[in-house]
Amino acid sequence: MERDTFSGLGNGTQVDGKVFQTFQKSFVQVQNILDQNRLLINEINQNHESKIPDNLSRNVGLIRELNNNIRRVVDLYADLSCNFTKSVDASSEGDSSGVLRSDGKASHKRSKPHV
């Protein structure tokens, strides 16, 4: 059974479909959180400018939510970095035709030279 592979690392290394999907899923999660943060920041700014006591009190919770979101983004990027490093390390254990599997281990696949 053939696995889908992508050669998007720029050095001839191939990444299997599951690893690529994992990266893509993480980047989508990060983007969604950043979009939510933009909305939170806009609301916080509006509440601050209004100087209405209830709105200012609401900002406490909104800022906490923003801080938690920032922590989540940092954690997602840390996981991405770790996973990427493992994938690159696994591919460099063999020749440049190493295929990175989603379990972090390299499998080697011979490819025909392009003529």
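Annotations for the structure displayed:
- Taking first residues from the range 25-37 that are at positive phi and among the polar types (S, T, N, Q) and partners that are at pLDDT 95 or above and not in a helix (DSSP H, G or I), no Cβ contact under 9 Å between residues at least 6 apart in sequence or on separate chains turns up.
- On the stretch given as the range 75-94, residues that are assigned to a helix (DSSP H, G or I), open to solvent by 60 Å² or more (accessible area, probe 1.4 Å) and farther than 15 Å from residue 23 by Cα total 2.
The values are calculated or read from the model by the stated rules, or taken from the named source; none is laboratory data. Model, not experiment: these values are computed from the prediction. With ideal geometry, Cβ positions are generated from the backbone for all residues, glycine too; neighbour counts draw on all protein chains shown. Only protein heavy atoms, including side chains, enter the accessible area calculation; ligands, DNA and RNA are left aside. Shrake-Rupley method; radii C 1.70, N 1.55, O 1.52, S 1.80 Å.
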